[in-house]
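Trainee: Sharing a structure with you now.
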Amino acid sequence: MAVSHLFRNFALSISNIKERTVEKLLDERQFDEFLSLVDGAQRILIVAHVNPDGDALGSSLALKHWLTRRGKEAVVVVPNQFPDFLQWMPGAQEVRVYMKHEEDVRPVVDAADLVIVADLNQSQRLRELEEAVLANPAPRIMIDHHLNPDSSFCQLIVSHPEMCATAEVLCHLLWQLGEAEQLTKEEATCLYAGMMCDTGAFTYASGRAVIYECISMLLARGIDKDRIYRKVYYTASPSRLKLQGYMLYVKMKVDKERHVSIMSLTREERKLFKVKNGDTEGLVNIPLQIHKMRLSILLTEDTEQPGLVKVSLRSVDNFPCNRMAEEFFDGGGHLNASGGRLAGTMEEALQAVERAITAYEPLLR
Ligand code: 5GP
Ligand code: MN
């Protein structure tokens, strides 16, 4: 009797733990709406933001695999090419790149009867793909974790800025859909990669315990997390490492008083080092390894749009990259990782950066 009582209490406490950690993402109305939109559609288009990163691609591909398993025709379309170090992701070969094959991809966009926008909070972040997506009258669902979602272009918004990645949002969503034990290894791999990429392999924005509940769920589906790490971070080409060496040795300007570092990469330098898509990924994070550094800024001349300089910002602690990006660089993003752009020459961009740093000096010192 006592033993069975104990066992019952134990079982109860386990189910309590489960209830406490599983986050119900959608309320009943949203849950029904989500399922009826998905089940009412046949050709589902998944789109993600320009310059797709590991989370954009990982969450889009996980969705594609899940929808395919649910009997849908699902296709992922991204505005421009994603970096080579994401090519290994299950399904990456079938991702369609709008700017590369606009004529072939446009009919695919037009034919969709449901659009899911993943890892994206504003339609402008679709860049060249925006017009085509907005021209399609099909309903749209947003699944995202960026701040300030624009609610005007999606019928259903699943936005969770407190979460580390869109892939985490999807973990909770799939959990709520009762899929935790049905996820395929491919789906789980894409979800893990998405979370890993948006948290610097769980070194920032990753302190919520429930993230590790999600990871536990994914490990149980057979993912090889160490292999995923190597696939993403240990695939550099010799030219990528040489570029890093050059940028750190020659180009990095460290302001020790104001705890900020600035690097710039011109089009000529890109050519010199044969810089390929993705070769600059992670570069902006490196100066944050310097003792007491609070902010790192990387300027790169845009290859696709001459006369445009891309700005990348990374910070530690509470320095608000997103505020600086909004105020000075026509951009936005997260507290510790943001981006934007400047029209003009590199010289002018460097001057704008100086003005931004001066304005934020009190928060840097
Ligand atoms: P990255 O420096 O890797 O290009 O961008 C870092 C993060 O900043 C992205 O994940 C995204 O959230 C944000 N971001 C980059 N560029 C822009 C932009 O032009 N507008 C907005 N709103 N966010 C951006
Ligand atoms: Mn993301």
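No value in this document is a laboratory result; all are computed from the given coordinates. None of the values given here were measured: they were computed from a predicted structure. Heads up, the Cβs are rebuilt from the backbone with ideal geometry, glycines too, and the neighbour counts pull from every protein chain shown.
Trainee: Can you pull the three principal axis extents for the Cα set of the chain, in Å, largest first?
Mentor: 74, 56, 38
Trainee: Under the Kirkwood approximation for Rh and a Cα-based Rg, what ratio Rg/Rh is obtained for the stretch 61-177?
Mentor: With Rg and the Kirkwood Rh in hand, the quotient comes to 0.93.
Trainee: Right, next: Per Stokes-Einstein, at 25 °C and 0.890 mPa s, what whole-number D in µm² s⁻¹ belongs to the stretch 168-287, with the Kirkwood radius over Cα pairs as the hydrodynamic radius?
Mentor: Translational D for this selection: 146 µm²/s.
Trainee: Over the stretch 228-324, what per residue volume does the convex hull of the Cα atoms give, in whole Å³?
Mentor: 127
Trainee: Within 10 Å of each residue's Cβ, count the other Cβ atoms and sort W88, W175 from fewest upward.
Mentor: W88, W175
Trainee: Okay, next question. What are the semi-axes of the equivalent ellipsoid for the stretch 285-365, taken as the square roots of 5 times the Cα gyration tensor eigenvalues, largest first, in whole Å?
Mentor: Output for the stretch 285-365: semi-axes of 21, 13, 12 Å.
Trainee: I'd like the trypsin sites (Lys or Arg not before Pro) in the stretch 218-294 restricted to DSSP loop residues with at most 14 other Cβ atoms within 10 Å, sorted by number.
Mentor: For trypsin sites (Lys or Arg not before Pro) across the stretch 218-294 that sit outside H, G, I, E and B with at most 14 neighbouring Cβ atoms in 10 Å, the list reads K256, K274, K292.
Trainee: Further question: When each pair of different Cα atoms in the stretch 36-94 is counted once in the 1/r mean, what is the Kirkwood radius in angstroms, to one decimal?
Mentor: 11.8
Trainee: Next question. So if each residue of separation counts as 0.36 nm, and I subtract the Cα-Cα distance between R70 and A92, what length gain in nm does that give?
Mentor: Result for the pair: 6.0 nm of gain on full extension.
Trainee: Something else now. Ranking request for peptides 335-343, 146-154: highest mean number of other beta-carbon atoms within 10 Å first, then the rest in descending order.
Mentor: 335-343, 146-154
Trainee: Moving on to the next point. Could you tally the net charge around E347, taking each other residue with its Cβ under 13 Å from the Cβ of E347, Lys/Arg +1 and Asp/Glu -1?
Mentor: With Lys, Arg at +1 and Asp, Glu at -1, the net is -3.
Trainee: Would you mind counting up the charge near V309? Only other residues with Cβ under 12 Å from its Cβ, with Lys and Arg at +1 and Asp and Glu at -1.
Mentor: -2
Trainee: Relative to the Cα centre, what is the charge dipole magnitude of the stretch 67-170, using +1 at the beta carbon of each Lys and Arg, -1 at the beta carbon of each Asp and Glu, and rounding to the nearest 20 debye?
Mentor: 240
Trainee: Let me ask you something else. Neighbouring Cβ atoms within 10 Å as the yardstick, rank H49, H65 fewest first.
Mentor: H65, H49
Trainee: What lysines sit close enough to K292 to cross-link, taking a C-alpha to C-alpha distance under 18 Å and skipping anything fewer than 8 places away on the same chain?
Mentor: Once the sequence-local lysines are set aside, what remains near K292 is K253, K256.
Trainee: Let me ask you something else. Check the cysteines of the chain one by one and keep only those with no other cysteine Cβ under 4.7 Å from their own.
Mentor: C154, C164, C190, C197, C321
Trainee: Here's another thing I want to ask about it. Just how large is the dipole of the chain about the Cα centre, in debye to the nearest 20, putting +1 at every Lys and Arg Cβ and -1 at every Asp and Glu Cβ?
Mentor: 1240
Trainee: Remind me, relative contact order of the stretch 126-271 in percent, using alpha carbon pairs under 8 angstrom and six or more residues apart?
Mentor: Rounded, it is 15 percent for the stretch 126-271.
Trainee: As an exercise, take the mean of 1/r over every pair of distinct alpha carbons in the stretch 112-179, invert it, and state the Kirkwood radius in angstroms.
Mentor: Taking the inverse mean of 1/r over all distinct Cα pairs, the stretch 112-179 comes out at 12.4 Å.
Trainee: In the Gaussian network model of the chain, springs joining C-alpha atoms below 10 Å, which of L63, L298, L248 carries the largest mean-square fluctuation?
Mentor: In the Gaussian network model the winner is L248.
Trainee: Same structure again: From the helices alone, meaning DSSP H stretches of at least four residues, give me the mean residue ellipticity at 222 nm for the chain, per-run term -39500 (n - 2.57), in deg cm²/dmol to the nearest 500.
Mentor: Calculated mean residue ellipticity at 222 nm is -12500 deg cm²/dmol.
Trainee: Please sort by residue number the trypsin sites (Lys or Arg not before Pro) in the stretch 65-110 whose DSSP state is loop and whose Cβ has at most 16 other Cβ atoms within 10 Å.
Mentor: R70, K100
Trainee: Further question: Only Lys, Arg, Asp and Glu count, each charged at its Cβ (+1, +1, -1, -1), so figure out the dipole size of the stretch 131-190 about its Cα centre, rounded to 20 debye.
Mentor: For this selection, approximately 120 debye.
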